[in-house]
Each structure stands twice: as structure tokens, then as C-alpha cells.
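Let me begin by presenting the structure, written as C-alpha cells, before commenting on it.
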Amino acid sequence: MKNLVEELRWRGLFHDMMPGTEEQLLKEATTAYIGFDPTADSLHIGSMVQIILLVHLKNFGHQPIALVGGATGMIGDPSGKSDERNLLDEETLNKNVEGIKNVLSRFLDFNSADANAPLLVNNYDWMKNFTFIEFARDIGKRITVNYMMAKDSVKKRLSGEIGEGMSFTEFTYQLIQGYDFYYLHKHHQCVLQMGGSDQWGNITTGTELVRRMNVNSEEGGKAFALTTPLITKADGSKFGKSEGGNVWLTADKTSPYKFYQFWFNSTDVDAEKYIKIFTFLDKATIDDLIEKHRAEPHLRLLQKRLAEEITVFVHSQEEYDKAVKASSILFGNSTSTDLKELDSQTFLDVFDGITQAELAQADLAEGITIVDALASKSGFMSSNGEARRALKENSISVNREKVTEDFSITKEDLINNEFVLLQRGKKTYFILRFI
């Protein structure tokens with residue numbers, strides 16, 4: 001077997017592991033799992049590290065299992081949290097579970113016929129028939145309260161260091177997650193659980209439970225743990241958020257254009273780190289890119305390649321091409337035709353924050369004079385006089401094309417049957433939205 005741990009180390013994807021983990025991965029094809037709790041109906045880029053870890057696992061000849069926490073999602077993971085999560089109702093939870101399954105299916109082929117084909121499981125399937133008494137008797141007796149209280153996620157909450165204590169519901173979370181590992185160990189020969197470094201306590205509870213549930217079989221109780229570091233930005237701020245909030249992996253929540261822009265706008269320091277973590281480029285290629293970027297940082301070679309690799313991986317080549325084209329709209333020599341090729345959401349993303357005025361579609365029947373469009377109809381300019389002066393100066397464009405005072409806006413000028421872009425000079429924009 002190729003050395004997966006060595007690969008994770010140079011990429012900055014390795015934080016810690018239990019003794020024997022690297023040896024196990026080198027010895028034979030190994031089944032490993034990572035859990036994803038359905039706190040939303042999509043995943044954001046904070047989950048990308050774990051998705052990429054599962055893909056690396058598959059590429060190195062091992063079998064990945066992606067677990068969606070339909071059961072654990074009902075409780076909420078207390079790790080790193082100062083307050084208890086709001087419990088989700090069943091309808092929302094089911095919607096979230098399906099959403100996450102759909103996201104994971106874009107990166108891992110769960111219908112593959114390969115010997116190490118990925119598996120997709122939901123822990124609700126094996127937890128739903130457990131009675132409380134059965135769980136307390138058969139599982140709860142295996143792990144002491146002392147052991148569970150020694151975990152950092154529990155200690156900090158109980159000591160008052162963060163939050164105001166911990167409910168019994170949250171206290172049981174690590175035991176239920178531990179049982180997931182035991183179940184997968186028993187039914188799918190899974191011997192390794194992976195996750196972020198904040199999951200170390202939950203993961204090691206799982207390895208301990210596997211060991212204690214197989215106390216009479218040394219080989220049968222074999223279980224390992226491996227964690228990845230939590231990703232931060234160079235300035236110490238939280239990774240995964242933009243000014244608009246989370247950067248999601250589905251286009252309905254974060255458009256491919258905004259997704260592309262997030263990576264393209266990375267700092268030089270962050271781009272050097274991210275290109276190792278979030279792409280599958282080999283070490284020689286990455287080292288060469290970094291060297292070229294340092295020689296000519298103004299060309300942003302590193303950011304361009306990073307944004308390309310991850311946008312294609314998450315969305316598609318087609319969506320990447322659209323994002324690049326949309327990015328050139330603001331800064332390149334784009335035309336009216338280029339603008340009309342943008343879908344409505346991408347158009348709004350490109351011109352995010354630009355002032356808009358709403359007009360009626362009926363106004364277009366006879367056309368709207370450019371003077372009215374600039375002044376009385378929109379307020380873009382304070383008066384007809386100012387509008388005429390700007391037109392005489394040849395500084396007014398409609399959809400990136402210069403116009404004169406005799407121009408009128410008609411339905412033919414609409415972008416996606418909805419928008420018209422007004423522009424004064426090079427940098428002052430205004431949007432007319434026809435409803």
C-alpha cells in the first residue's frame with residue numbers, strides 16, 4: 001500500500017493518530033469512516049477537508065464510509081460548542097439528511113463496483129430500534145462516566161469554562177457516536193475513524209468501545225483513530241466564511257461564481273496552504289506553482305489554479321468556465337452579449353451591492369428614453385440636465401455599450417428578461433430591474 005499518512009502530512013492534512021494507525025494503513029486495504037451531522041441540508045467548505053480525506057482514502061486503495069448522522073443529528077455534537085444546539089424536528093432532519101447524501105454523492109461513487117467501493121450509511125438505521133434500556137444496559141455499561149467526563153468537550157462545559165453546563169442529552173453524544181464505530185466495525189469490518197481534531201474525544205471513545213465490546217478477541221477489537229487539523233486563515237480568523245456567511249457546496253446556497261471568487265481572493269499565504277489541502281495536484285506540481293507565484297505574485301498564479309481546481313471539483317468544468325467569464329465582466333472588455341450570457345443569479349452576484357431601481361415591464365412597450373432611465377425613472381442621476389450632460393460627455397453605457405441621447409431602452413436590451421445595466425464612466429454602475 002502507498003503511504004496515505006505521509007501524503008496527508010505534506011499536504012497539511014494530518015494532526016494526530018493513535019499508535020499503529022500508519023502501520024495498519026500500510027499493511028492492507030483498510031475500511032475507514034467519517035461522520036457528517038445533518039445540521040443543514042447542505043455542507044459548506046468547512047466539511048471539504050473531510051470529503052477530500054475520504055477521496056484520498058479511496059485513491060490510496062482503502063474503503064471509505066461516509067456516515068450521515070440521522071440519529072446523532074437529533075442530539076447535536078457538543079464538541080467546541082458553548083451552548084446546546086436547538087433540536088431539529090423530524091421533517092427538517094430528514095430533509096437535511098437527504099441534502100447531505102446528495103452532496104456526498106457528487107464526490108464519491110456509492111454505486112461503484114470496485115472492491116473498495118465507498119459506502120454511504122445513516123446511523124438512524126441502526127439506532128431507531130434501540131430502546132433506552134437496551135442501550136443503557138448493553139452499551140452504557142461498557143464506558144465509565146469517569147472516562148466520558150475526562151474528555152475536553154465535556155470538561156470545559158462542566159467546569160463552566162464555556163457555556164452553562166451540559167444536558168444529559170449532549171452528554172450521551174460521544175457514547176452514541178462510539179456505538180456507530182462499533183456497529184461499522186462489526187458489520188463492515190471498519191477499523192479506522194477519521195475526523196477533525198475537535199472530534200478526538202468522540203473518536204477515541206469509539207475506539208475504546210470497540211475494544212471493550214470485543215474484550216475476548218484481541219484481533220477483533222482492533223480500532224484506530226486519525227484526525228485532521230482545524231483550518232484557519234493566516235490572520236487567525238475562521239475558515240469557511242465570507243462576508244455573506246458560510247460558503248456552501250451547493251449552487252442554490254452559494255453560486256459557483258461566488259464560490260470561485262472565495263478561493264481566487266485568498267491571500268498569498270493562505271493560497272500556499274489551501275492548494276495542498278484542497279486539491280489533488282501532486283507535490284512537484286504544487287512546489288513549481290508556489291515557486292512561480294513567489295517570483296511574480298501580481299499574476300496570482302496560485303490563486304487562479306486553486307480556484308480552478310476546487311471549482312471544477314465541486315461544481316464542474318462548465319460552471320468554472322462561466323465563473324471565469326463572469327469574473328472578467330467587471331474588469332475586462334466585456335460586451336452586451338457577454339452580459340446576456342449570465343444567468344440572473346450570477347448577474348446579481350457580479351454586481352453585488354450595486355443600487356437598483358424597480359420598473360414595470362409595461363414601461364418597455366414603447367421604450368424608455370435614456371434620459372428618463374437615468375433620471376426620473378431611476379434616480380441614478382439627480383436631474384434630466386445631469387443626464388444630458390453625461391450623455392454629451394460620452395460617459396454613459398447601457399449593458400456595456402456607449403449610447404447617445406436619442407437611445408431608448410426596449411425589451412431587446414433586457415438581460416435574462418429582467419435587468420438592464422447602466423454605467424457612468426468606468427466604475428459607477430446602476431441596475432434597472434423590470435418586474
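The values are calculated or read from the model by the stated rules, or taken from the named source; none is laboratory data. From a predicted model like this one, the values you see are computed outputs, not experimental measurements. Here the Cβ is made from the backbone with ideal geometry for all residues, glycine too, and neighbour counts use every protein chain on show. Only protein heavy atoms, including side chains, enter the accessible area calculation; ligands, DNA and RNA are left aside. Shrake-Rupley method; radii C 1.70, N 1.55, O 1.52, S 1.80 Å.
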Task: Over the chain: helical MRE at 222 nm, DSSP H runs n ≥ 4 each giving -39500 (n - 2.57), nearest 500 - done: -12500 deg cm²/dmol
TODO: State the volume of the convex hull built on the alpha-carbon positions of segment 185-284, expressed per residue in Å³ and rounded to an integer.
DONE: 163
- [ ] Taking only protein heavy atoms into account and a 1.4 Å probe, give the accessible area per residue of segment 1-102 in Å².
- [x] 40
TODO: With a 10 Å radius around each residue's Cβ, average the other Cβ atoms per peptide and rank 110-119, 374-383, highest first.
DONE: 374-383, 110-119
Task: Accessible area (Å², per residue) of segment 267-389, counting only protein heavy atoms and a probe of 1.4 Å - done: 51
Task: Percent of beta bridges antiparallel (DSSP, the chain, rounded to nearest 5) - done: 50
Task: Alpha-carbon spread of the chain, three principal axes, descending order, Å - done: 91, 49, 45
TODO: Before anything else, pin down the relative contact order of the chain: Cα pairs under 8 Å, at least 6 apart, normalised by residue count, whole percent.
DONE: 13
- [ ] Compute the acute angle (0 to 90°) between the alpha-carbon long axis of helix 283-295 and the principal axis of greatest extent of the alpha-carbon atoms of the chain; round to the nearest 10°.
- [x] 40
Task: Cα-centre dipole for the chain with unit charges at Cβ (Lys and Arg positive, Asp and Glu negative), debye to 20 - done: 740
Task: For PHE224, residues with placed amide H under 5 Å, excluding near neighbours - done: LEU192, GLN193
Task: Heavy-atom accessible surface of the chain: percent carbon and sulfur, 1.4 Å - done: 48
